[in-house]
Amino acid sequence: MVKLADKEGLAAYLAAYLEEQTSLGFSWVVYDSDQAISGSWDLVCYRDQISALEDAAENQQIFNWHIAQPISELNAAFKKIDYELKKIDMNRNSLENFLDEARTLKVPEAMIATAESMMEQGIEKFTVRGQIQADIGKMDLTIHLKKSGQSDYYYFNRFDIAQSKAKPLEIDHKYLVFSPDPSGKHDNLSRKFDSAVLAMDYFREQKGTAELALGKFDDKNLQFKDTLATMKEGKIDYVKKEFQQVFYSPVLKNSHYIDRGKGFSVEQAANMLQGRAVFREDMVSRAGEQYKAWSVYQFDQPKDRYGNYTMKQFGEGYGFDLKKELSAYELKDLDKPEKLAGLVEKLENGNKPLVTVVYSDGEEKALRIEAVPRYNNLNFYEINGKPVKREELKKEQAQDQATGKDKSKSKEKNKQQENSMSM
């Protein structure tokens, strides 16, 4: 096999050089096969086979074995090397781009590693499933990758999120689906799931007899199982009473499309699915113009033709100023720029971070906070999720301003009513 020095673009350069020599009437080439070819000076071209063979024989040494070869053969070898190197570079670029995009979009590292392995195997099209933390329990995440039809480049253009009403699994518990073994080698086949959504979907796909259960495992052994639903002849004939709401309630799910790494992150999408708003500076209108906006799912509106929730957006003109709203409350450490920036980032991503509220009597209390751009305010919650009246937390000055606004609105309303009556 021909050896080349480690120089970028060398194979392509040598292939072009040999094509030039061919156009000049040369058809054979001699080179030292024991040494790496580093340039055109390592190739000696001849117009006929006899001259090439004589040169190779004359310069033959044990550790410098010279080969006389048709130029067309060596040129084909250079082109193949160039193609393979470009393929490796493309694969490397594809992988690096995917890693950058996936981490920017906050895909879990375990899912990234699985996708990387499948890309290295050259699988044309695949999905990777995993779970992310939700306010209560877990949320299902599926990422989709597809290889280009023209190259080995992979595109990461979509992810799906889904959440059911199932309670979080206890330690060592799994969802199980039992179904007959088509080969007849075993009485039943069983499949384990961490996800209630995937387990229910797989159970519903069965065509004959099947059982959906919840089981606890000790090492690899099943300690007990609790039957949740059964199927006979492809029809569901039993669903446990305590599981019926989970089984029959629609699963909250949505797909997000990615454009070269830009789009809603997994974290943002998960928080929107839980009813919160998120902020992005890189939104793009249909006209191609970039803008900033808060976005929230419209659960009370029909889904679009792709089965996704439509969004309601609140742009800069809507008037919600997050930092201004935060300044209306006595929140500890928000006089420090880095603390304020960190809190703003969490709220803009749709999270419910913990803050320390300082009451007028000096008492401090940890509460969760949520941005609500639709109503131009913030919501506060106890650690257990119980809502807290925001009026009790506002600074006195902010309360006076709010009261003044209310009085002004009331006077304006009365004035309008008086004018209406006089007319």
Self-check item: Complete set of residues in region 21-54 that are surrounded by 17 or more Cβ atoms within 10 Å (Cβ to Cβ), over 17 Å from I81 (Cβ atoms) and out of contact with any His (no Cβ under 7 Å at 6 or more places or on another chain)
Solution: Q21, F26, W28, V44, C45, Y46, A52
Quiz prompt | Those residues of region 313-341 which are under 30 Å from S255 (Cβ atoms) and loosely packed, with under 15 Cβ neighbours inside 10 Å, in sequence order | solution = G315, E316, G317, Y318
Quiz prompt | Candidate set: region 315-351, residues that are part of a loop (DSSP other than H, G, I, E, B) and of a type in the set (A, V, I, L, M, F, W, C); chosen: the one farthest from the chain's Cα centre (by Cα) | solution = A328
Quiz item: Which of the residues spanning region 354-364 are exposed (fewer than 14 other Cβ atoms within 10 Å of the Cβ) and not aromatic (F, W, Y)?
Solution: L354, T356, S360, D361, G362, E363, E364
Practice problem: Test each condition in (1) at negative phi; (2) at pLDDT 85 or above for A402 and report the one that comes out false. | Solution: (2)
Quiz item: Yes or no: F178 aromatic (F, W, Y) and over 30 Å from the mean Cα position of the chain (by Cα)?
Solution: yes
Practice problem: Would you point out the residue of region 111-127, among those that are farther than 17 Å from D160 by Cβ and surrounded by fewer than 14 Cβ atoms within 10 Å (Cβ to Cβ), that is modelled with the highest pLDDT? | Solution: A113
Quiz item: Of the numbered conditions (1) touching a residue at least 60 places away in the same chain (Cβ under 8 Å); (2) surrounded by fewer than 19 Cβ atoms within 10 Å (Cβ to Cβ), L169 satisfies every one except a single condition; which is it?
Solution: (1)
Practice problem: Determine whether G385 is on the phi > 0 side of the Ramachandran plot, loosely packed, with under 15 Cβ neighbours inside 10 Å and within 30 Å of the chain's Cα centre (by Cα). | Solution: yes
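The values are calculated or read from the model by the stated rules, or taken from the named source; none is laboratory data. Since this is a predicted model, take the numbers as computed values, not measurements. No Cβ is skipped: glycine too gets one built from the backbone with ideal geometry, and neighbour counts run over all protein chains shown.
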